[in-house]
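Notes follow the structure.
The values are calculated or read from the model by the stated rules, or taken from the named source; none is laboratory data. Model, not experiment: these values are computed from the prediction. Here Cβ is always computed from backbone atoms with ideal geometry, including for glycine, and neighbour counts include all displayed protein chains. Heads up: the accessible areas ignore ligands, DNA and RNA and are worked out on the full protein's heavy atoms, side chains in. Shrake-Rupley method; radii C 1.70, N 1.55, O 1.52, S 1.80 Å.
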Amino acid sequence: MNHDSWSLWRAQVAAILRLEIKKNFLAKRGLWIYLLAAAPVVLMWVHAALNLRDHRVCDLGHDSLIFAAMFQFFYLRLAIFFGCVGVFLRLFRGEMMEKSLHYYLLAPVRREVLLVGKYLAGVITTSIIFCTGTALALIALLVHVPRTAAEQYLFAGGGLGHVLAYIGTAALACIGYGGVFLLMGFLFRNPVVPVVLVFLWEGANPFLPALLKRLSVIFYLHSLIPISVPAQGDFAFLAILSTPTPAYLAVAGLLLIALAGLWLAARQVRKLEINYGVE
Amino acid sequence: MTGNEIVFENVSRFYGDVLGVNRVNLAIPPGITSLVGPNGSGKTTLMNLMTGLLRPSQGRIDILGVAPDDPERLFRFVGYCTQFDSFPRGMTGYQFIYAYLRLHGKPHAEADEMTWRAIDRVKLTDAAARKIAGYSKGMRQRIKLAQAICHNPTVLVLDEPLNGLDPLVRAETIALFRSLAETGKHVIISSHILHEVDAISDQVILLSSGYVVAEGQIHGVRTEVEDHPMQILIRCNRPGALASRIFELDTVVEACVHNDGKGLLVRTRDPDRFYLMLNRLVVDGVDLESVAPADDDVNSVYEYLIGPDGGSI
Amino acid sequence: MAVYKRSYHGYSGALTPEWSRFAIIPRYAYRRLFQSKIMTAFFVLCFVSPLVFLSLIYVANSFGSIAGLFGAKGARSPITIDGEFFLIYLGVQSPLAFILASFVGPGLVSTDLSNRALTLYLARPFSRVEYVIGKMSVLLVLLSTITWIPGLILFGVQSALAGGGWLIHNLWVAWAIFAGFWIWILVIALTALALSAWVKWKIAAGALLLGVFFVGAGLGQAINAVLDVRWGRLINLSDVFAAVWSNLFRMPNGRDISPTSAWIMLALVCASCIWLLYRKLRAVEVVR
Ligand SMILES: Nc1ncnc2c1ncn2[C@@H]1O[C@H](COP(=O)(O)OP(=O)(O)OP(=O)(O)O)[C@@H](O)[C@H]1O
Ligand SMILES: [Mg+2]
């Protein structure tokens with residue numbers, strides 16, 4: 001019986017994934033998420049192409065700093081943040097607005113299984129988009145420097161670890177923000193104001209007392225990125241100054257936040273009612 | 001307990017201060033059951049409660065031994081065609097049914113076969129590959145119906161399933177309901193037109209402002225009316241003479257001549273006998289201009305039970 | 001069965017004059033908007049800062065006599081009411097207008113589209129342009145009441161208190177207040193409508209409107225850093241506006257954006273919004 005349930009749930013989650021991922025990837029209105037993810041890629045490639053055309057030799061150290069800044073301030077704080085807002089709020093709140101959620105609730109699927117399926121679909125979509133974005137941008141970073149320098153960086157300078165860390169951080173960001181916004185979709189009929197509050201909270205992270213810092217996603221993400229760039233000038237509003245925690249703690253903290261979001265959302269989904277009229 | 005009935009025990013549901021349904025007690029056996037009532041009487045609320053889309057504020061519901069808050073078991077044998085005219089975005093008719101069948105955990109081949117069977121049953125085979133967003137109202141209604149019946153449920157809950165169907169399709173759909181009911185399934189249909197479901201239902205449940213005002217076999221509801229005299233309006237040249245003859249029938253309760261001297265209102269307990277007699281009277285030379293039930297049978301049940309302002313039929 | 005031959009007669013009564021027909025939309029929109037308590041409360045809060053500025057103007061003009069009460073003869077006010085003063089007012093009120101627009105704007109069009117209600121409008125003698133103007137007017141009137149209208153009132157109060165000489169000397173400031181706010185509310189109203197017509201979903205449209213500003217700022221910075229250029233700032237709409245405003249208020253421009261390029265950028269934004277609205281506001285979409 002127990003084994004049967006598990007295999008049933010697996011099949012159901014797979015069915016949900018098929019449905020949702022297709023919707024996520026092919027929705028024309030999701031185009032802006034691709035644009036967000038692609039912006040740094042395009043920038044890095046244009047930079048690479050310009051340098052290659054002009055036969056300029058670029059300083060990998062300088063470029064990787066620029067990349068780190070862009071990843072830290074643009075990708076984590078803005079692109080992945082808003083991308084997750086779009087994808088994860090759509091999962092439940094969006095389907096309520098479109099009045100199509102009841103088809104899920106009328107299938108022989110446990111509400112919790114539905115929640116997990118949809119969350120996974122969101123995580124898979126966003127992390128595919130943003131990890132690919134990160135990887136492509138990193139490739140651009142490496143192709144336009146001399147081959148020896150790139151190899152030196154990757155295999156002797158610990159660059160391979162950096163590359164994996166960037167990609168992993170992007171995925172973990174999707175997992176963490178996903179949990180937060182999934183929950184928001186349940187709690188608020190119009191989550192825009194709460195989303196803005198979360199955005200400000202994440203931005204205010206450096207000024208918070210140590211305990212409250214740990215209640216944000218960006219705190220842990222920050223501990224994971226390989227090169228931390230101090231914010232100056234116009235980036236100041238996105239600044240994050242924090243003493244990093246060890247990586248294993250940061251990963252655990254992020255997963256914990258995601259799990260807490262999922263658990264609270266599961267409590268909501270169990271008593272979810274279809275009340276489209278008043279949305 | 002695995003009953004063979006859908007049981008409501010003292011179920012109430014409020015939307016804030018607004019009453020959805022109140023103190024409903026029902027035991028619905030297999031066959032076609034119609035929920036009838038004017039707009040806002042609580043039909044949809046009752047169906048949503050049955051399928052767990054809403055939770056009762058009070059009371060207990062039991063669908064053949066399963067509680068509505070256990071979707072994993074419930075929807076193995078329940079299909080619900082809702083009133084919402086909305087669909088997941090960007091899907092074709094086929095994908096719509098197939099994708100949600102996969103949620104049952106069925107493998108591709110089986111789901112595919114069941115999908116086509118359901119689509120054939122509602123005669124949408126030609127349109128199956130088109131996007132639902134481009135369907136007509138009747139086609140949308142039918143694809144929803146197909147989705148509700150695709151997994152061969154034994155309890156079928158259908159909210160206004162005949163809405164927007166043309167007469168031909170309507171007849172076919174009704175035949176489909178009958179054939180399902182004959183195999184011992186529960187088919188629950190809602191409608192605000194008693195007329196529409198009168199002939200096909202095994203039992204009706206009349207709702208008004210959130211209360212169940214009558215339930216039972218359609219004949220039962222009819223005899224209810226027999227205790228309640230029926231009014232017939234007659235226009236003729238000699239209403240006085242007619243009135244005197246009419247009272248020969250002991251089932252006539254009242255006859256009242258109109259002021260203009262050309263009409264007569266009769267109240268009778270047995271309209272059938274009255275009509276028979278009327279035929280004889282005409283032979284005797286009374287010149288009838290018109291005979292019309294001031295309230296015909298289904299309407300009068302409705303009006304009698306729900307009140308004349310209970311909604312238009 | 002009797003068959004009656006009747007031909008159809010359309011409505012033949014009087015119609016509202018065409019120029020004022022769009023007003024039907026704001027008439028009902030406000031009633032609904034102010035049913036929301038949060039919205040009403042926020043709207044009232046938006047008038048707090050004009051009051052503060054009003055009292056500053058009063059203090060600045062009667063500083064001498066107030067200081068006299070405390071025995072300080074001949075003291076000069078630390079506040080001078082000039083273009084910069086009103087530029088600060090602009091800087092305070094414009095974010096409030098933006099927040100209000102992101103509250104109100106997305107619900108205006110996206111709900112009509114997602115409920116397929118646009119047909120109901122267009123089935124009447126009501127064109128798409130009138131529809132857009134009607135919806136825009138909801139936002140524009142609402143935003144005007146918290147931006148340039150109190151701004152000009154402040155200006156009027158100041159000229160009444162400071163006398164005709166000040167007025168003549170500073171008349172251009174009135175124009176700057178008027179134009180500076182108008183360009184702001186026009187652009188955000190258009191953006192709000194266009195984005196909500198695009199995503200057809202109120203919440204996403206609200207988030208997107210915020211995103212356009214935040215993400216634009218971040219992206220502009222990234223462009224500057226990666227490509228080692230300066231034009232990245234043009235994507236940062238708040239910088240663009242800052243450049244336009246300091247141009248209008250005859251202040252030195254701290255951002256390295258030339259006023260011309262800023263104006264062109266704003267025109268581009270408006271044009272693309274209008275294009276989006278033109279594309280997306282259709283009574284019926286053909287589904288393939
Ligand atoms: N989400 C809701 N919020 C508040 N009141 C509601 C809600 N849904 C239904 N109601 C109220 O509950 C009552 C019953 O509504 P219900 O939808 O069940 O009627 P119905 O019989 O299905 O009507 P119809 O024939 O129009 O479909 C009505 O008074 C309605 O106003
Ligand atoms: Mg209903």
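Below are the figures for this structure:
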quantity: Filter pass, A:L208 being farther than 23 Å from A:K118 by Cα and either surrounded by 20 or more Cβ atoms within 10 Å (Cβ to Cβ) or more than 20 Å from the chain's Cα centre (by Cα) (or both); calculated: yes
quantity: Per-region count, the stretch C:108-121, residues in contact with a helix residue (DSSP H, G or I) (Cβ under 8 Å, 6 or more places away or on another chain), of a type outside the set (V, I, T) and surrounded by fewer than 17 Cβ atoms within 10 Å (Cβ to Cβ); calculated: 1
quantity: Residue match in the stretch B:263-286 (condition: under 16 Å from B:R235 (Cα atoms), touching a residue at least 24 places away in the same chain (Cβ under 8 Å) and open to solvent by 100 Å² or more (accessible area, probe 1.4 Å)); calculated: no
quantity: Residue in the stretch C:146-162 that is of a type in the set (F, W, Y), modelled with pLDDT of 90 or more and either within 27 Å of C:T40 (Cβ to Cβ) or assigned to a helix (DSSP H, G or I) (or both) present; calculated: yes
quantity: Positions within the stretch B:39-73 being of a type in the set (D, E) and touching a residue at least 24 places away in the same chain (Cβ under 8 Å), in sequence order; calculated: B:D62
quantity: Residues (of a type in the set (F, W, Y) and facing chain A (nearest Cβ under 8 Å)) located in the stretch C:212-227; calculated: C:F214
quantity: Options B:N299, B:N259; residue that is modelled with pLDDT of 75 or more and not hydrophobic (A, V, I, L, M, F, W, C); calculated: B:N259
quantity: When residues of the stretch B:200-216 are limited to those that are assigned to a loop (DSSP other than H, G, I, E, B) and open to solvent by 20 Å² or more (accessible area, probe 1.4 Å), the one farthest from ligand 1 (Cβ to nearest atom); calculated: B:D202
quantity: Any chance B:V36 is away from ligand 1 (no atom under 13 Å from the Cβ), in contact (Cβ under 8 Å) with a residue 60 or more places away in the chain and touching a Ser or Thr at 6+ places or on another chain (Cβ under 7 Å); calculated: no
quantity: Lone unmet requirement of (1) open to solvent by 40 Å² or more (accessible area, probe 1.4 Å); (2) modelled with pLDDT of 90 or more for A:Y103; calculated: (1)
quantity: Residue that is nearest to ligand 1 (Cβ to nearest atom), among those in the stretch B:96-119 that are within 9 Å of chain A (Cβ to nearest Cβ) and either surrounded by fewer than 18 Cβ atoms within 10 Å (Cβ to Cβ) or of a type outside the set (A, V, I, L, M, F, W, C) (or both); calculated: B:Y100
quantity: Of all residues making up the stretch C:163-201, the number that are in a helix (DSSP H, G or I), open to solvent by 10 Å² or more (accessible area, probe 1.4 Å) and more than 14 Å from every other protein chain (Cβ to nearest Cβ); calculated: 17
quantity: So A:R56, is it touching an Asp or Glu at 6+ places or on another chain (Cβ under 9 Å) and either surrounded by fewer than 23 Cβ atoms within 10 Å (Cβ to Cβ) or facing another protein chain (nearest Cβ under 7 Å) (or both); calculated: no
quantity: Selection count where residues are of a type in the set (A, V, I, L, M, F, W, C) and free of Cβ contacts under 8 Å to residues at least 60 places away in the same chain, scope the stretch A:29-42; calculated: 6
quantity: Residue identified as among the hydroxyl-bearing types (S, T, Y), more than 14 Å from chain A (Cβ to nearest Cβ) and within 16 Å of ligand 2 (Cβ to nearest atom) among B:S201, B:S191; calculated: B:S191
quantity: Candidate set from the stretch B:152-191 (those that are of a type in the set (D, E, K, R) and within 16 Å of ligand 1 (Cβ to nearest atom)); member that is surrounded by the fewest Cβ atoms within 10 Å (Cβ to Cβ); calculated: B:E160
quantity: Unmet criterion (only one of (1) within 16 Å of ligand 2 (Cβ to nearest atom); (2) assigned to a strand (DSSP E or B); (3) within 14 Å of chain A (Cβ to nearest Cβ)) for B:L156; calculated: (1)
quantity: In the stretch B:14-33, residue farthest from B:Q217 (Cα to Cα) [restricted to those that are within 8 Å of ligand 1 (Cβ to nearest atom) and within 14 Å of chain A (Cβ to nearest Cβ)]; calculated: B:G16
quantity: Residue match in the stretch B:38-52 (condition: part of a strand (DSSP E or B) and either over 24 Å from A:L17 (Cα atoms) or more than 16 Å from ligand 2 (Cβ to nearest atom) (or both)); calculated: no
quantity: Pair list, Cβ < 6 Å and 6+ apart or interchain, from the stretch A:250-276 residues that are basic (K, R) to residues that are surrounded by 15 or more Cβ atoms within 10 Å (Cβ to Cβ) and at pLDDT below 95; calculated: A:R270/A:R111
quantity: Residue list for the stretch B:54-78, filter: crowded, with 23+ Cβ neighbours inside 10 Å and within 28 Å of B:G138 (Cβ to Cβ); calculated: B:F75, B:V78
quantity: Number of the condition not met by B:V197 [criteria: (1) open to solvent by 20 Å² or more (accessible area, probe 1.4 Å); (2) at pLDDT below 90]; calculated: (1)
quantity: Members of the stretch A:226-255 found to be open to solvent by less than 30 Å² (accessible area, probe 1.4 Å) and modelled with pLDDT of 80 or more, listed by number; calculated: A:A250, A:G253, A:L254
quantity: When residues of the stretch B:80-95 are limited to those that are more than 8 Å from chain A (Cβ to nearest Cβ) and closer than 20 Å to B:L158 by Cβ, the one surrounded by the most Cβ atoms within 10 Å (Cβ to Cβ); calculated: B:G93
quantity: Members of the stretch A:93-108 found to be over 18 Å from A:Q12 (Cα atoms), at the interface with chain B (Cβ under 7 Å from one of its Cβ atoms) and touching a residue at least 60 places away in the same chain (Cβ under 8 Å), listed by number; calculated: A:K99
quantity: Close pairs from the stretch B:160-177: first more than 14 Å from every other protein chain (Cβ to nearest Cβ), partner within 16 Å of ligand 1 (Cβ to nearest atom) and assigned to a loop (DSSP other than H, G, I, E, B), Cβ under 7 Å, at least 6 apart; calculated: B:E160/B:Q83; B:R170/B:L162; B:T173/B:P161; B:T173/B:L162
quantity: Enumeration of residues in the stretch B:20-37 that are away from ligand 2 (no atom under 13 Å from the Cβ) and β-branched (V, I, T); calculated: B:V24, B:I28, B:I32, B:T33
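So that you can scan it fast, the table gives a plain yes or no per residue for (1) without any contact (Cβ under 8 Å) to a residue 60 or more places away in the chain; (2) in contact with a Phe, Trp or Tyr (Cβ under 6 Å, 6 or more places away or on another chain):
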residue: C:Q93; (1), (2): no, no
residue: C:L108; (1), (2): no, no
residue: C:I133; (1), (2): no, yes
residue: C:L140; (1), (2): yes, no
residue: C:I153; (1), (2): no, no
residue: C:L171; (1), (2): yes, no
